[in-house]
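Have a look at the structure below before the remarks.
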Amino acid sequence: MPAIETATHDLADARQRLTTQALAWKKRSRKISRLRIIFPGLIIGLIVVMIVWIIVQSVINSMNVYSATGEDIRMTNPFYTDRSRNGERYEMRGLEAVRKGRNASVVSLTAPRLEIRSENSRPSALEGAAGIYDDTKRRFTVNKDVTLSSGNGLSLRTHAAEVDLQNAVITGDKPVEGRWQTGTVNAQAFRVEQNGRKVAFYGKPGKQVTGTLSGGED
């Protein structure tokens, strides 16, 4: 009898060990199966995050200053604002700005737009295909297909114009065509002050200022 009881006890212990080992094996198998799913998912997620980060960085860099070849500094969608001596506020924009050297005071602009605002008056807007801004002299030159819409309703078309930003005065010495509600004018030069409230047209030797006023020849 003692021998039979001992054998039965050993058999029970063996079965318990086998059961414990089987449970442990199943647990390890489930863990390995989960890791086989988790690791590829983590790798795919990491790749997606890297791709998104690269796209975001590219978008951010395209909207801010970036270095070009040499010492050129480029900026997309530039914006600059300040005030004249008389308090007129002006805002300068463009599609792209290029500064020739980090310490250069001259900036070239593509498709520039300048707005001059003063109290109790509509803003004047000056646009062109290209422009040059001199920060030291505070002068802004616009070239090619230049249009000016002044605060008093006058519209000008010319080939070039220069803006004295300190005094908010716009001048031009190229042929100019002006239009407003009461007439038109053709001249060889012009000067606009006080946000369009004061406008003067000039001729050149052999060429007079011509135009119409309220439908009559001037």
Scanning the stretch 161-186 for residues that are crowded, with 19+ Cβ neighbours inside 10 Å and either in contact with a helix residue (DSSP H, G or I) (Cβ under 8 Å, 6 or more places away or on another chain) or free of Cβ contacts under 8 Å to residues at least 24 places away in the same chain (or both) gives ALA168
Residue check for GLY178: at negative phi, among the small types (Gly, Ala, Ser) and either part of a strand (DSSP E or B) or touching a Cys at 6+ places or on another chain (Cβ under 8 Å) (or both)
yes
Condition (residue is modelled with pLDDT of 80 or more and not assigned by TED's automatic domain parsing to the domain that holds SER155) applied to the stretch 80-93: is it met by at least one residue? no
Going through (1) among the hydroxyl-bearing types (Ser, Thr, Tyr); (2) surrounded by 19 or more Cβ atoms within 10 Å (Cβ to Cβ); (3) more than 23 Å from ARG85 (Cβ to Cβ) one by one, THR212 fails only at (2)
(1) under 24 Å from the mean Cα position of the chain (by Cα); (2) under 27 Å from ASN86 (Cβ atoms) all hold for LYS144 apart from (2)
Checked pairs for the stretch 107-134, first free of Cβ contacts under 8 Å to residues at least 24 places away in the same chain and surrounded by fewer than 16 Cβ atoms within 10 Å (Cβ to Cβ), second part of a strand (DSSP E or B) and of a type in the set (Asp, Glu), C-beta under 7 Å and 6 or more apart or across chains, list as THR110/GLU96; ALA129/ASP145
Restricting attention to the stretch 113-156, the residues that are in contact with a Phe, Trp or Tyr (Cβ under 9 Å, 6 or more places away or on another chain), assigned to a loop (DSSP other than H, G, I, E, B) and among the polar types (S, T, N, Q) number exactly 2
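The values are calculated or read from the model by the stated rules, or taken from the named source; none is laboratory data. This structure is a prediction, so every number in the text was calculated from the model and none was measured. Here the Cβ is made from the backbone with ideal geometry for all residues, glycine too, and neighbour counts use every protein chain on show.
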